[in-house]
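Notes for the one structure printed next.
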Amino acid sequence: MCFRVAMFSLHTSPIAQLGRTRDAGGMNVYIRELSRELGRGGMYVDIFTRRSRPDTPDIQQLSERVRLITVTAGPIEPLPPSALHSYVAEFTCRVARFAERNAHPYNLVHSHYWLSAAAAAPLARAWDTPHVTMFHTVERLKGQQQGLPLESASAPKDGPTAIRIESEGRIATSADCVIVSTEVEGEQLRRLYGLAPSHTRVIPCGVDLDAFTPISPARRDQARRALGLGATPTLLFVGRLDPIKGIDLLLESVAALRTPARLLVVGGDPAGDPEVERLRARAAELGIAERVRFPGAVPQRDLPTYYHAVDAVVVSSRYESFGLVAVEALACGAPVVASAAGGLPSIVRDGENGLLVRWRCPRAFAEQIDWLLSDDTLRERLRANARPSIEQFDWRRIGDRVRDLYQELTTESARIVACSCF
Ligand code: UDP
């Protein structure tokens, strides 16, 4: 029997250019890679996303058994997530119509981010299938990392954020299972929404171990030359240029370093992105303009060269539900310095495969980075431990765990239907 999954990625396409805008990063990679893995294992996956450009084909074959279905809901132009709630119902109707026309019953619905979950929930009910959801970020957990208390009293009473908070609460309790990428996030969600442990499932995000691989020191020198780095110690940031990533803190840390290291900020659009301009201006204010480069977003296939070339990858985020950049860097054998925020401590173990910074202050980051740059033995130890520490995140293993969950839920719902026939 063929198993069909309806995957929902309403606000951002899994094939959008990564890191250029604030809306295309880890979640896009997750949906693309998970779908590919499920397809490889024999499942059929249709990923539904919203049309933001007029020339996108309705149906694109992404990989074996995986299709990307683009449906029109709201104006055909890029819109930020905060403007999309009004088009969720239209999106739901379009997906329902597509499914009817194609006469493909889906066995399970898997939604990503609260907008997708809001669109998917009525369809899961109408199709009588289990609904698995993954929030990727939860508004109240994000707020907590920025100093707001977890209790709902602190939540805004209206506006897009209030709608999101209310919607996340409803979905968390009504979906059949919430996938979380770390035990800590599971615990926080259970506490926040009073969920039973069986209602959440911890399945980390995966990494493509064939694309991200370590290389020999000689080839690392080649990678440095390819990026024109020379001998100056070089740090790397990779990601969406979002305040949550703590890039300001990273710039301040670079300014506080004893080692005059250079920083590459990969992400954003160097031509005309206001956030790049703001960060450039901040670097100038701190007196480090000469030491900070903004090459813009880099296609993921070229990122291994960056991870190989640099002396350390710094992940200075205020909040990360997981932290794919840290995993990719470790897969390439790069030394990582990360803040002890969100899911990062489940990836980076202090002193073993990287360094964790517990204090959100430039001096604390600068101290750890200086230590790493000045201690060759430490760097080599971290490099040696990096790759084995993340092999558990191999997509093949993660795909199996998601598949097992799907099978469990569908068997369970079939059992409930069978029982209700008597
Ligand atoms: N990424 C990329 N090119 C860029 C910037 C980011 O390919 O210029 C990718 C990166 O490889 C990673 C993802 O975007 O897979 C970012 O994921 P992460 O979990 O670190 O952050 P998120 O976007 O989920 O906050």
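The values are calculated or read from the model by the stated rules, or taken from the named source; none is laboratory data. This is a predicted model, so every value here is computed, not measured. Cβ sites come from the backbone with ideal geometry, for glycine too, and all protein chains shown count toward neighbours. Please note that ligands, DNA and RNA were not included when accessible areas were found on the heavy atoms of the full protein model with its side chains. Shrake-Rupley method; radii C 1.70, N 1.55, O 1.52, S 1.80 Å.
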- Message: Tell me which helices (runs of 4 or more DSSP H) are completely within segment 206-322 and hold 3 or more residues being within 16 Å of the ligand (Cβ to nearest atom), or say none if there are none.
- Response: 247-255, 274-285, 303-309
- Item | Residue among 366, 331 that is open to solvent by less than 10 Å² (accessible area, probe 1.4 Å), farther than 17 Å from residue 239 by Cα and modelled with pLDDT of 95 or more | 366
- Could you tell me whether segment 75-83 includes any residue that is within 16 Å of the ligand (Cβ to nearest atom), among the small types (Gly, Ala, Ser) and open to solvent by 10 Å² or more (accessible area, probe 1.4 Å)? no
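Can you confirm whether residue 45 is in contact with a helix residue (DSSP H, G or I) (Cβ under 6 Å, 6 or more places away or on another chain) and either assigned to a loop (DSSP other than H, G, I, E, B) or without any contact (Cβ under 8 Å) to a residue 60 or more places away in the chain (or both)?
Yes.
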- Residues of segment 334-360 that turn out to be under 17 Å from the mean Cα position of the chain (by Cα) and surrounded by 21 or more Cβ atoms within 10 Å (Cβ to Cβ), as a count: 8
- Message: Can you tell me how many residues within segment 256-268 are among the small types (Gly, Ala, Ser) and within 17 Å of residue 371 (Cβ to Cβ)?
- Response: 2
- Message: If I filter segment 177-214 down to residues being hydrophobic (A, V, I, L, M, F, W, C) and in contact with a His (Cβ under 8 Å, 6 or more places away or on another chain), which single residue comes out as farthest from residue 31 (Cα to Cα)?
- Response: 177
- Message: Just the residues that are over 21 Å from residue 354 (Cβ atoms), in contact with a helix residue (DSSP H, G or I) (Cβ under 8 Å, 6 or more places away or on another chain) and small (Gly, Ala, Ser), please, taken from segment 214-270.
- Response: 226, 230, 255, 268
- Residue check, residue 377 over 22 Å from residue 325 (Cβ atoms), touching a residue at least 24 places away in the same chain (Cβ under 8 Å) and part of a helix (DSSP H, G or I): no
- Query: If you check residue 325 against the conditions, is it modelled with pLDDT of 95 or more, of a type in the set (Val, Ile, Thr) and not in a helix (DSSP H, G or I)?
  - Reply: no
- Within segment 328-359, can you find the residues that are part of a loop (DSSP other than H, G, I, E, B) and of a type in the set (S, T, N, Q)? 353
- Query: Which one is farthest from the chain's Cα centre (by Cα), of the residues in segment 1-26 that are outside any loop (DSSP other than H, G, I, E, B) and either more than 9 Å from the ligand (Cβ to nearest atom) or closer than 22 Å to residue 74 by Cα (or both)?
  - Reply: 4
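Yes/no per residue for (1) open to solvent by 10 Å² or more (accessible area, probe 1.4 Å); (2) away from the ligand (no atom under 16 Å from the Cβ); (3) farther than 30 Å from residue 208 by Cβ; (4) not charged (D, E, K, R):
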position	(1), (2), (3), (4)
40	yes, yes, no, no
53	yes, yes, no, no
62	yes, yes, no, yes
66	no, yes, no, yes
89	yes, yes, yes, yes
121	yes, yes, yes, yes
137	yes, no, no, yes
142	yes, no, no, no
- Message: Go through (1) at pLDDT 95 or above; (2) touching a Lys or Arg at 6+ places or on another chain (Cβ under 8 Å); (3) farther than 23 Å from residue 357 by Cβ for residue 284 and report which single condition fails.
- Response: (2)
